[in-house]
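Okay, structure first, notes after.
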Amino acid sequence: MTIKEIAQICGVSRGTVDRVLNRRGRVKPETEQLILSTIESEGYTKSIVGRALSVKKTAPVIGTILCSEGNAFFDDVICGFTKAAEELSAYDAVLLQRTMRGHDVQRQLALLDEMDGRVSALVIEPINDPAIEKRLIEFIQKGIPTVTVNTDIAVECRCCYVGSDYESGGKTAAALLELLTKGKGQVGVVEGVPTLMGHVLRQRGFEKRLRQCVSLPIVARESAMDNGCLAYEVTQKMLREHSEIDAIFVVAAGAAHVCQAVIDAGRKKDICMVAYDDIPATREMMRRGLIKAVVCQQPVEQGYRSVKAAFDMILSGQMLEDQRVIMENQIKIIENME
C-alpha cells in the first residue's frame, strides 16, 4: 500500500498522510486517528510504517534497463514505468532509466556497471548470456532486489519475473493460425533473438502446438533478430526459396517489415499472417488486411508491475525468491483492435 492508497481510503490528501507519518503536525486529531486506524486495519505494523519512513529518507533509486531502442512495443512498457514512478514519488523514489539498441552483451554489461552502487533495486530486460547471469547474481548478493521484465533469465539471477507466459503465447498463436488457415497450409517462421529466453520459449510453444496439425507444416525458418530491415530481407528470401508458403508466423519485432516484403513479392492476397503486439505498425497492417491476428501481452502493466515489485522489496526489506507475475495473453483482431 502506498501513501496515495491510504489517502484514497481516508478521503484526504497525500500531503495529510505524509504529515501524519512524519509527525509534522498541522493535522486535526480526528483525521490523524482515522489515518493511523486505517494503517493498522490494513495490516500494517509499526515496523512496516517505520520502514516506510526510513525508505522515504533514503530517496530510493530504481534502475531500469531495456533493449528498447527502435522497438515501439517498449514505449508502452516505459509508460508503465512512468505510471509506477508517479505513485512512488510519495516516497521520494526515482527511476534511473537506461535503454539500448539491439542485444549486445557488452553494452548491457556496461549499463549494469553504471547502475552498480547507484540503485536500490533493478528492473531489467535481460540478455540470456552467462556474463549477464553472473552480473545479476552479484547484484542480488549485494542485497539489490532484481526484477526481470518482459523476458526472463535463470531463476537464481533474479527475485521476480514480470511478463507473459511465452510458451503459452506461442501455442495461442499456433492455434490462431490453424483456425485462420482451416488447418491447411505451408508455414514460414520469422524468428526472434536466440539469446532472449522469451523468444525461444514462444517459438517452442508455437512449434509444439503446430505439430498437432499435420497439414500445416513449417517449411522455412529465418531469424530476423528483432530487426525490421533484417525481417524484410529474410522474408524476401523465404518467399523466393519457398513459393509454396501461404502462412507466416512472426515471433518478435519486425512484423510491419515482413508485411512489406509480402506486398513487394505480390503475395498480399494469399498469405495469412499472425504476429504479436498492439502497436501502431501492426495495427496499420491489420487494417490493410495483411496481419490477421495478434497476441498481446499487456506492456503497460508489465512496466508498472515490475517497478512496483522492485519497490515492494525495498519497502519490506526482503528479497523475493522466484516470484512470477504473469500477464494474460490477449488476442486481437481488427474488429477489437481500436
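For Val325, the residues whose modelled amide H falls within less than 5 Å of its own, excluding neighbours fewer than 5 places apart on the same chain, are Tyr161, Val162, Gly163.
Counting only whole DSSP H helices of the chain, there are none at least 27 Å long by C-alpha along their axis and with mean Kyte-Doolittle hydropathy no lower than -0.5.
Inverting the pair-averaged 1/r between distinct Cα atoms of segment 25-160 gives 16.8 Å as its Kirkwood hydrodynamic radius. Based on Cα atoms of segment 176-240, Rg over Rh with Rh as the Kirkwood radius reads 0.99.
Quick one: work out the % antiparallel among DSSP beta bridges in the chain, nearest 5. So the antiparallel bridges amount to about 10 percent of the total. Rounded to the nearest 0.05, the FRET efficiency derived from the C-beta distance between Ser316 and Cys79 at R0 = 22 Å is 0.25.
Rg/Rh for segment 214-267 (Cα atoms only, Rh after Kirkwood) is 0.94. For the cross-link pairs Lys171/Lys292; Lys184/Lys208; Lys83/Lys332; Lys182/Lys237, the ones whose C-alpha atoms lie over 21 Å apart are Lys83/Lys332; Lys182/Lys237. Sequence-distant contacts, meaning Cα pairs under 8 Å at least 6 residues apart, place the relative contact order of the chain at 18 percent.
Taking amide H atoms as placed 1.01 Å from N in the peptide plane, the amide H of Ser223 lies under 5 Å from those of Glu191, each 5 or more residues away in sequence or on another chain. For segment 149-185 versus segment 189-264, the inter-centroid distance based on Cα atoms is 15 Å. Each Lys and Arg adds +1 at its Cβ and each Asp and Glu adds -1 at its Cβ; summed about the Cα centre, the chain shows a dipole of about 440 debye.
Across all directions, the average projected area of the convex hull around the alpha carbons of segment 166-296 is 6.6 nm².
About its Cα centre, the dipole of segment 126-195 is roughly 140 debye, where the only charges are +1 on Lys and Arg Cβ and -1 on Asp and Glu Cβ. Looking at segment 3-44, the pairs of alpha carbons with a distance over 14 Å make up 35% of the total. Panel note: the C-alpha atoms of segment 65-138, placed on their principal axes, show extents of 37, 30, 15 Å (largest first). Distance between the modelled labels on His242 and Gln141, one decimal in nanometres: 4.5 nm (7 Å Cα→Cβ projection).
Ranking of Thr172, Thr282, Thr2, Thr195 by neighbouring Cβ atoms within 10 Å, starting from the fewest: Thr195, Thr2, Thr172, Thr282. Amide H to amide H distances under 5 Å link Cys296 with Asp277, Gln330, Ile331, Lys332, where only residues 5 or more positions off or on other chains count and H is placed in the peptide plane.
Based on alpha-carbon centroids, what's the gap between segment 287-332 and segment 73-123 in Å, whole number please? Centre-to-centre distance over Cα atoms comes out at 15 Å. Each label point was placed 7 Å from the Cα along the Cα-to-Cβ direction; for Leu230 and Val300 their separation is 3.1 nm.
P(r) tail for segment 234-308: Cα pairs beyond 16 Å make up 49% of the total. Stokes-Einstein diffusion for the chain, with the hydrodynamic radius set to the Kirkwood value over Cα pairs and evaluated at 4 °C in a medium of 1.567 mPa s, equals 60 µm²/s. Counting only DSSP H runs of at least 4 residues, each contributing -39500 (n - 2.57), and dividing by the residue count of the chain, the helix-based mean residue ellipticity at 222 nm comes to -15000 deg cm²/dmol.
Read-outs: derived from the displayed coordinates by stated rules, not from any lab. Since this is a predicted model, take the numbers as computed values, not measurements. All Cβ positions, even for glycine, are placed from backbone atoms using ideal geometry, and neighbour counts span all protein chains on display.
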